[in-house]
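Each value in this text was obtained by applying a stated rule to the coordinates, not by laboratory testing. Note that the structure is predicted; figures quoted are calculated from it, not measured. Glycine also receives a Cβ, built like all others from the backbone with ideal geometry; neighbour counts cover every protein chain displayed.
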Amino acid sequence: MKENVLLKNYTTYKIGGPAKYFFVAKTKEDLIYALKFAKEKKLTVFILGGGSNLLISEKGFKGLVIKMDISDVKLQENMVFAGAGADLAKLAYLSAEAGLSGLEWSAGIPGATVGGAIYGHAQAFGAKISDAVKEVHAINLKTLQYKKFTKKQCRFSLKNSIFKKTQKFVIISVILELQKKDIQEIKTQIKEFLEYRKNEHPINFPSAGSTFVNPAIKGKIIPAGFLVARSGLSGKKVGDAQISEKHANFIINLGQAKSSDILALINMAKKAVKKKFKINLKTEVQLVGF
């Protein structure tokens, strides 16, 4: 158990103040130990995955941050057994080598863990993590009881799940069911997705990934980046933060951006889109310590 650990070193934004307490959980037993510690000290708990989709204030976090590092992976026939801390992009490559399809869309997503993907119901290129989910294993934050969730019980919806909605459980592992496919075909698909990200996303600057959830209007999904760009905000800067000119749903850190700079651009974009399109953008990036 460490104290006053700077969280900017654990986020893809490279922004964030100190955690009062910080603990790396490599096993289920580690996690239970940390949760008991938090209970005894009456601390608020925050579970940290790969640090993407996250903006942490310079004030930091006054409770206990548990870095989820349960990252063991096992492939058996078409099933994948993975710890919540397993790197999702690496798992996509590992699955590809085994001729297993279903995670190609996640290749190249920086800082995404299996647990984080399930928590926020990650998706891209028309595919989503729930397509592959068979079972999720979690621990109740209050009772420390172990619970298995079927896909249906996870209550997946647009960028959401029961874990995100209730904040009552910590995901520890998952069972994914993939499909057998030609290895070369899978690798070609991954290559195409990586090429798209390279050409369309600002991958050379720290960011949290997509800032806003693509809104569904009358059953039609509208890209949030399109709305922000059409509101005239592409390239807009506050301090060292900028709405990317390459893709307006990304707010990037040009080097020394503060959390307040990022937040100012988030609020600016929400206000501009609301004024121009009468659409309320929902923030996908999780705000911590504000």
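Within the straight-line cut-off of under 19 Å between alpha carbons, the lysines reachable from K8 are K20, K59, K62, K67, K258, sequence neighbours fewer than 8 places apart in one chain being disregarded. Cross-link partners of K274 among lysines, defined as those whose alpha carbon lies under 20 angstrom from its own and excluding same-chain residues fewer than eight positions apart: K218, K220, K236, K237, K282. In the chain, the DSSP-assigned H stretches of four residues or longer account for a calculated mean residue ellipticity at 222 nm of -8500 deg cm²/dmol, using -39500 (n - 2.57) per stretch and the full residue count as denominator. Here the mean projected area of the convex hull built on the C-alpha positions of the chain is 14.8 nm². Which one, K276, K62, K180, has the greatest fluctuation when you compute a Gaussian network model over the chain with C-alpha springs under 10 angstrom? Highest fluctuation among the options: K276. Overall shape of the range 73-197 was characterised from the C-alpha gyration tensor. The equivalent ellipsoid obtained from it has semi-axes of 25, 15, 11 Å, in decreasing order.
Here's how it looks for E135: its modeled amide H is under 5 Å from those of I175, which are all 5 or more places away or on a different chain.
For the cross-link pairs K168/K270; K74/K180; K159/K187; K26/K152, which exceed 18 Å when the distance is taken from alpha carbon to alpha carbon? As for pairs spanning more than 18 Å Cα to Cα, those are K168/K270; K159/K187; K26/K152.
Ranked by the mean number of other Cβ atoms within 10 Å per residue, highest first, peptides 280-289, 104-113 order as 104-113, 280-289.
Which aspartates and glutamates have a Cα lying under 17 Å from the Cα of K42, excluding residues fewer than 8 positions away in the same chain? Hits, sequence-local ones excluded: E3.
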